[in-house]
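One structure is given below, encoded as C-alpha cells.
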Amino acid sequence: MHFDAPAVVLTSVENIDNIYFASGSYIHLFEDTVSYYQVGSILVSFDSIGNILWVKKTAFPNRLFDTQSNTLRILDDSTLILSGIFIDSIRSSTLRRYNTNGDLMYSYEYLSPYHDENDFIYPVSSAVRSKNETYILNWIQRPDFNAQLYIQKIDSTGNESWVKEIGNSKYEIPEVIICDDNGGVIIGGASTTLTLTTQDYTYRTLLVGIDSSGNVEWTWLSPESWGLRDAARDMVLLEDGSLVIASGIGHEQQRPSVNVVYFDKAVFKLNPQRELEWEV
C-alpha cells in the first residue's frame, strides 16, 4: 500500500464512528523539463475493516508541505484539523481544517515571532478542547539559535486567541501537549544544554501547566539527582490528577569532539503533587 507515491509516512490516526483517518507526509514526483521530488501532505480514510475510502494528497512544485508530526485531531463537529509546515522563501506553520470527505475547509499560516532573524517553527503536537479550541505546541528558535517552546491557542475560525513562549537559557525540546481537567493544558518536553556545551550535559524532563488564558500555573523539572532524563514523550492524565509519563533514563557517551546522550526506556508516575510514585 503505497498510495501511488515513492514513499509515505503516516504518523497520526483518529476515529469517527468507526471510520478511521490517518495523516502524514509523502514524496511527490513533479515532471517538468527536469523531474524532481517534493515533500507533500497526505490524508487517508479507511472503513472499519481497512478498506481505503479516499486518499487526499497535496503537494506544491516550489513549496515543501510537511504534516509528519502527530497533530491530526477531531473537533466537536466531527471535522478534522491538521498542523504542518510550509517552506519556500520563508518557513511557516499551518493549521488546516477538513471535513470527513477530506475537503479543505480553511487553511491558516503562522510565522515564528522571530521570523525576521530566525524563521524556524515546527508544530510537534496539538490538543483540542470543547468549543473547537485548539492548542498547538511548536518548537521555535530564537535569533541566537537556542530553542524553546511556543504555544498557540486557536479559536474555531483559525485565529490566534493567544500565544505563549516558554524557555530560558537552556535548550528546550517540546514533545507533547494534553488537556488538563481545569480548562488548560499540560506540556511535556525536556530542558537541556545540548547546544551550550560539548560534554557534561544537563538533560531533564520538563512539564508545564498552562491555564486557559495562557498563564503558566506550574513548572516541573526532573530532579538533578535523577541524572540525565529524556523528554516527556507522551503522557496520560489520570482522574486523580496523577500523570503517567513515557520518558527515558540517559547516559553520556564519550566522543572525541562532542559527546552524545543515549536513553533507555522508562515510564514513571507522578502523584497529584508531582512527586514520584513509581518508575519502571
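What the table shows:
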quantity: Failed item, numbered, when Asp77 is tested on (1) assigned to a strand (DSSP E or B); (2) closer than 29 Å to Ile154 by Cα; calculated: (1)
quantity: Odd one out for Lys131, checked against (1) assigned to a strand (DSSP E or B); (2) basic (Lys, Arg); (3) more than 17 Å from the chain's Cα centre (by Cα); calculated: (1)
quantity: Selection count where residues are within 18 Å of Pro174 (Cα to Cα) and among the small types (Gly, Ala, Ser), scope region 58-86; calculated: 3
quantity: Qualifying strands (runs of 3 or more DSSP E) (wholly inside region 148-262; at least 2 residues being surrounded by 22 or more Cβ atoms within 10 Å (Cβ to Cβ)); calculated: 171-179, 185-192, 203-210, 243-253
quantity: Residue count, region 80-99 (criterion: β-branched (Val, Ile, Thr) and either out of contact with any strand residue (DSSP E or B) (no Cβ under 9 Å at 6 or more places or on another chain) or surrounded by fewer than 17 Cβ atoms within 10 Å (Cβ to Cβ) (or both)); calculated: 2
quantity: Some residue of region 99-109 being of a type outside the set (Val, Ile, Thr), at pLDDT 95 or above and within 24 Å of Gly209 (Cβ to Cβ); calculated: no
quantity: Output for region 108-128, where each listed residue is surrounded by fewer than 20 Cβ atoms within 10 Å (Cβ to Cβ) and either assigned to a helix (DSSP H, G or I) or among the aromatic types (Phe, Trp, Tyr) (or both); calculated: Tyr108, Tyr114, Phe120
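Matching residues to (1) closer than 14 Å to Arg96 by Cα; (2) surrounded by fewer than 18 Cβ atoms within 10 Å (Cβ to Cβ):
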| residue | (1), (2) |
| --- | --- |
| Tyr36 | no, yes |
| Ser45 | no, no |
| Ser48 | no, yes |
| Thr67 | yes, no |
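Table: residues versus (1) touching a Leu at 6+ places or on another chain (Cβ under 8 Å); (2) among the charged types (D, E, K, R).
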{"site": "Leu238", "(1), (2)": "no, no"}
{"site": "Gly250", "(1), (2)": "yes, no"}
{"site": "Asn259", "(1), (2)": "no, no"}
{"site": "Tyr262", "(1), (2)": "no, no"}
{"site": "Val267", "(1), (2)": "no, no"}
{"site": "Leu270", "(1), (2)": "yes, no"}
{"site": "Glu275", "(1), (2)": "no, yes"}
{"site": "Val280", "(1), (2)": "no, no"}
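The values are calculated or read from the model by the stated rules, or taken from the named source; none is laboratory data. Remember, predicted model here, so these are calculated numbers, not experimental data. We place every Cβ from the backbone using ideal geometry, glycine too, and count neighbours over all the protein chains shown.
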